[in-house]
1. Enumerate the strands (runs of 3 or more DSSP E) found wholly within the stretch 176-277, keeping only those where 2 or more residues are over 13 Å from the mean Cα position of the chain (by Cα).
2. Kindly indicate which of GLY99, GLY56 is outside the structural domain of VAL184 (by TED's automatic domain parsing), buried (at least 16 other Cβ atoms within 10 Å of the Cβ), in a loop (DSSP other than H, G, I, E, B) and at pLDDT below 95.
3. Quick one: which of LEU321, LEU356, LEU351, LEU340 is modelled with pLDDT under 95, assigned to a helix (DSSP H, G or I), surrounded by fewer than 16 Cβ atoms within 10 Å (Cβ to Cβ) and not basic (Lys, Arg)?
4. Quick one: ARG229 ticks every box in (1) within 18 Å of GLU274 (Cβ to Cβ); (2) touching a residue at least 60 places away in the same chain (Cβ under 8 Å); (3) touching a Leu at 6+ places or on another chain (Cβ under 9 Å) bar one, so which box is it?
5. Would you mind finding the one in ALA323, ALA292 that is in contact with an Asp or Glu (Cβ under 6 Å, 6 or more places away or on another chain) and over 12 Å from ASP236 (Cα atoms)?
6. So LEU372 fits all but one of (1) out of contact with any strand residue (DSSP E or B) (no Cβ under 7 Å at 6 or more places or on another chain); (2) surrounded by 13 or more Cβ atoms within 10 Å (Cβ to Cβ); what number is the exception?
7. If you take the residues of the stretch 144-172 that are surrounded by 21 or more Cβ atoms within 10 Å (Cβ to Cβ) and hydroxyl-bearing (Ser, Thr, Tyr), which of them is modelled with the lowest pLDDT?
Amino acid sequence: MANLRVQWIRLSQAADFQLPPTIQLLGDLDDVVAEEDNVDVLADANFRYIKLRDTGHSSICNFQDAEMGAYRRTKFLQAVTTPIAQLEGDGVVNGQEVGQTIDHVVFVMHGIRDMGLWTIRVSEAVETAAQQLGQSVETITAGYGYFPMLRFLFFGARQVNVRWFMDRYTEALARYPHAKISYVGHSNGTYLLASALERYRACRIHHVAFAGSVVPKQYPWDRLRAEGRVQAIRNDIASADWIVGVFPGLFELLHWADLGTAGHNGFQDDTPKESSFDRYFQGGHGAALTPANHPSLAWFILTGERIPPDPTLLVDQQNGLIATLAKLCWLVWLLIVVALGLVGLGVTMGLTGLGLSPTLAWGAYGLLVLLLMYTL
């Protein structure tokens, strides 16, 4: 469905193709079809969106109503008899008109355990760079909410956010028909785009900037560029990102999921290497999000040019301890499981001493661990 929506929008925007006239009559009390669902078709010049007042999803076809029937009948007859060039539509969805003059749309997406407050500062840097370049830019920082660790580990939960992003992508494509669409992502924000590009062939992104990436290092950027779906990708790597090195590292090692260590080991394809740096941002998982790096990120996302950030942000080598832990990620996971088991043994012994059965004690402990992972 997402691919179909994108294909419809691109077809409606094509200069050498014209869709038949389409008129959408929608009541202002409709509780089935939302007004924003018209964003897709609003992109077509032969589409008209007409609101009907005091009308619901079923009553829109009720022409016999004593109070509103005549009004609805008149609107319907106007829609089917008036030439499309003379038919006036509302043309506005949720108060936002189609942005014909926007040159570039930039998504800025946060990761797990993060409300994305930093995305506002990155968007401000993008807007500043756009002014210098004489570009008209629209940044989209609307997040998908706090995403805890436990949900991140499950494929289905991750895909919910991918589908959420594809909705936002489709709306941006419709609202800004002449704009390039680029993307800045951190942590799970990198996964959103990588998964969308793999699972939705209609998805295309101009420039991509990743930081703290949890995407597999074998991700096929060269193929995507050859298909014309990505123009350039920059991957900022931290010197001590133990979160990426250890946790997705096990999934990548065992080929369990579409997660990986590109934020620690880099990508293997040539396309990211052309635009990334051969040095590391000093610090942990969010090192590349420091405000001093925002101008460099913004310039790349708008132009594709690799402008080095302040050299004091970079180091030549990764932290030795973190690099070793990343290589032994399986052992770290094993120690975590053993530690949880030992703590659980102590907790359950205490609970059984209070009269609780061993089964209930272990169940209570397991539930506590799951709740902590779901909220932290």
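1. On the way: elements: 180-186, 205-211, 230-236.
Per the criteria, 205-211, 230-236.
2. Numbers: GLY56 fails: buried (at least 16 other Cβ atoms within 10 Å of the Cβ).
That would be GLY99, the only listed residue that is outside the structural domain of VAL184 (by TED's automatic domain parsing), buried (at least 16 other Cβ atoms within 10 Å of the Cβ), in a loop (DSSP other than H, G, I, E, B) and at pLDDT below 95.
3. On the way: LEU321 fails: modelled with pLDDT under 95; LEU356 fails: assigned to a helix (DSSP H, G or I); LEU351 fails: surrounded by fewer than 16 Cβ atoms within 10 Å (Cβ to Cβ).
Going through LEU321, LEU356, LEU351, LEU340 in turn, just one is modelled with pLDDT under 95, assigned to a helix (DSSP H, G or I), surrounded by fewer than 16 Cβ atoms within 10 Å (Cβ to Cβ) and not basic (Lys, Arg): LEU340.
4. The one condition ARG229 does not meet is (2).
5. Values: ALA323 fails: in contact with an Asp or Glu (Cβ under 6 Å, 6 or more places away or on another chain).
ALA292 is the lone residue from the list that is in contact with an Asp or Glu (Cβ under 6 Å, 6 or more places away or on another chain) and over 12 Å from ASP236 (Cα atoms).
6. All conditions pass for LEU372, except number (2).
7. THR170
The rows are residues; the columns are (1) aromatic (Phe, Trp, Tyr); (2) modelled with pLDDT of 95 or more.
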| site | (1), (2) |
| --- | --- |
| ALA179 | no, no |
| TYR183 | yes, yes |
| ALA194 | no, yes |
| LEU197 | no, yes |
| LYS217 | no, yes |
| TRP221 | yes, yes |
| ARG225 | no, yes |
| ILE233 | no, yes |
| ILE237 | no, yes |
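The values are calculated or read from the model by the stated rules, or taken from the named source; none is laboratory data. Please read all numbers here as calculations on a predicted model, not as lab measurements. Counting neighbours? That spans all protein chains shown, and the Cβs are built from the backbone with ideal geometry, glycine included.
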